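Here is the structure we will look at, set down as structure tokens.
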Amino acid sequence: QVQLVESGGGLAQPGGSLRLSCAASGSIFSINVMGWYRQAPDKGRELVATIITGGSAKYEDSVKGRFTISRDNAKNAVYLQMNSLKAEDTAVYYCNAIMRVLGSQTYRNYWGQGTQVTVSS
């Protein structure tokens, strides 16, 4: 069994910072892409940022220059440093990983349980 466990959400003031962490555990053979998505109330889930094994990252336009995604391949972990937070960043943030587990020949999409980020004064 494989799971993704997130931590680091909470309440921040506008202009503040939060750091999200996500660690994958279980019978993992290989992880390809890792990333973060978010879902605000009454909205669909949207991509925030992704990062591949080699470290190349992509960002959604509204977070460019404010958020930084990074990963530690040795720990099967991905992080999201969020600076200059805005009220519109309020959402549930989900960790995502495309992984191949031991005994499987294919990569599958896995999700964490989500962590709430609220930006409010």
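The values are calculated or read from the model by the stated rules, or taken from the named source; none is laboratory data. All values derive from a computational prediction rather than experimental measurement. To get the accessible areas, we keep the full protein, side chains included, count just its heavy atoms, and leave off ligands, DNA and RNA. Shrake-Rupley method; radii C 1.70, N 1.55, O 1.52, S 1.80 Å.
Some notes on this structure:
- Calculated SAXS-style log₁₀ I(q)/I(0) at q = 0.25 Å⁻¹ - the stretch 50-121, Debye, Cα scatterers: -1.33
- Note that the stretch 10-25 has calculated 3J(HN,Hα) couplings of x, 9, 9, 7, x, x, x, 9, 9, 10, 9, 10, 8, 10, 9, 9 Hz, one per residue in order, obtained from phi through the Karplus relation 6.51 cos²θ - 1.76 cosθ + 1.60 (θ = phi - 60°); glycine and proline are x.
- Per atom type, the stretch 1-42 shows carbon and sulfur on 46% of its accessible surface, probed at 1.4 Å.
- Measuring how big the chain is from its alpha-carbon positions, Rg and Dmax come out at 14.2, 49 Å.
- Rounded percent of accessible protein surface that carbon and sulfur make up, the stretch 61-121, 1.4 Å probe: 46 percent
- Per residue, the solvent-accessible area of the chain (1.4 Å probe, heavy atoms of protein chains only, all protein chains present) comes to 53 Å².
- Percentage relative contact order, the stretch 3-121, counting C-alpha pairs under 8 Å, at least six apart: 37 percent
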